[in-house]
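*Asks:* Pasting a structure here, questions to come.
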Amino acid sequence: MDAIMKLVGKSGEDVSAKDPIIAGPVGAYKAQEETGLRKSRGALAERAAAEGLNPGGAGSGAFDSALQAQQEQGARDVGQFQGNLMYGENDARRNALMRALGLGTQNQQFYDTMGMNIGNNEGMMNNEIMRLLAGG
């Protein structure tokens, strides 16, 4: 019963971005995104220099626009990844609780049936004893 109460308490808590089960994978994903952004930034800079779009630092702004677009996309990707993890964790907590409650229901049904069977057996034994005492 204590285990079910823990699950009830856990399933009632909001899933947080600070939960280790969320924060760990999101941190790793964010680091991977940042590595990709650094590589992409380098490629953008090389292309801008090769095309002569940024002579002396006074280019058309295309480099900055492309870089900002990549940063925004990376932030959206991390946010979506985090949201998916949080949704999945919330779903997992709810399913664990439902499984536990189902197990509890099954156990209760087992004990109810067992008690009914014991009661029936006692009744049959009492009837047999009464029959034997009555001489029959």
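*Asks:* Taking the stated definitions as given, is Ala49 more than 21 Å from the chain's Cα centre (by Cα) and modelled with pLDDT under 85?
*Replies:* yes
*Asks:* Which residue pairs have Cβ atoms under 8 Å apart, sit 6 or more places apart or on different chains, and have a first residue in segment 32-51 that is without any contact (Cβ under 8 Å) to a residue 40 or more places away in the chain and closer than 10 Å to Gln70 by Cα and a second that is aliphatic (A, V, I, L, M) and surrounded by 13 or more Cβ atoms within 10 Å (Cβ to Cβ)?
*Replies:* If the second residue must be aliphatic (A, V, I, L, M) and surrounded by 13 or more Cβ atoms within 10 Å (Cβ to Cβ), the pairs left are Arg41/Leu67.
*Asks:* Can you find a residue that is under 24 Å from the mean Cα position of the chain (by Cα), surrounded by 11 or more Cβ atoms within 10 Å (Cβ to Cβ), modelled with pLDDT of 85 or more and hydrophobic (A, V, I, L, M, F, W, C) anywhere in segment 67-76?
*Replies:* Yes - at least one qualifying residue is present in segment 67-76.
The values are calculated or read from the model by the stated rules, or taken from the named source; none is laboratory data. Quick caveat: nothing in here was measured; it's all calculated off a predicted structure. Neighbour counts are summed over all protein chains in view; Cβ atoms, including those assigned to glycine, are modelled from backbone coordinates with ideal geometry.
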